[in-house]
Amino acid sequence: MNSSIRKILICSAVVMITTAVASPSRAKGRIDASTLIATPHGTFNGVQYTRHEAMFAGVTSHGHPYRVPCQIVAPLNPQAGRGLLLFDWLVPSVIATAIGQEQADARYIMTDNFLFGLGASDATGGCNPEGLGTRSPISDPTR
């Protein structure tokens, strides 16, 4: 057998074994129920959606505590959705603009009518300290 092929096979086997034996993440977290706020978000293709906002708190796999805001927009009746969840990274570049807070660009670009009209749900989590606790001077709950 060619030595370069043998090296590739050995490296592949090492990666597969390492992946199979690697310890699972020990990160823990959950939504703080005392901070949960739920408001109607609208009806899309006959399905009512609710926007849930809360703080998500936990401990990283390295033992560091965290507490970040999160938002989940999902059908009021879970069986009415398609089971597809878009987790959208928040973009901090808009903090310095009139928006004044992080923005979920994927949802903003796709629009709620498209995303929720397909029966999907959306989740975001805050991560930039500069954007925590700020409100946009432009009221637009779809952002």
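The values are calculated or read from the model by the stated rules, or taken from the named source; none is laboratory data. Please read all numbers here as calculations on a predicted model, not as lab measurements. As a convention, Cβ positions derive from the backbone with ideal geometry for all residues, glycine included, and neighbour counts pool all protein chains shown. SASA here: full protein model, heavy atoms, side chains in, ligands and nucleic acids out. Shrake-Rupley method; radii C 1.70, N 1.55, O 1.52, S 1.80 Å.
Considering only residues that are over 26 Å from F114 (Cβ atoms), open to solvent by less than 80 Å² (accessible area, probe 1.4 Å) and not in a strand (DSSP E or B), which ones fall in the range 34-72?
Listed by number, the residues that qualify are T35, T60, S61, G63.
Just checking, how many residues over the range 42-82 are touching a Leu at 6+ places or on another chain (Cβ under 9 Å) and modelled with pLDDT of 85 or more?
Residues that pass the stated criteria total 13.
What number goes with the only condition from (1) open to solvent by less than 40 Å² (accessible area, probe 1.4 Å); (2) touching a helix residue (DSSP H, G or I) at 6+ places or on another chain (Cβ under 9 Å); (3) at pLDDT 70 or above that V91 does not pass?
The single condition V91 does not satisfy is (3).
Give me the pairs, please: first residue somewhere in the range 84-110 and within 16 Å of V73 (Cβ to Cβ), second residue anywhere and modelled with pLDDT of 65 or more and among the basic types (K, R), beta-carbon distance under 8 Å, and either six or more positions apart or on two chains.
Once the first residue is within 16 Å of V73 (Cβ to Cβ) and sits in the range 84-110, its partners that are modelled with pLDDT of 65 or more and among the basic types (K, R) give L86/R107; D88/R107.
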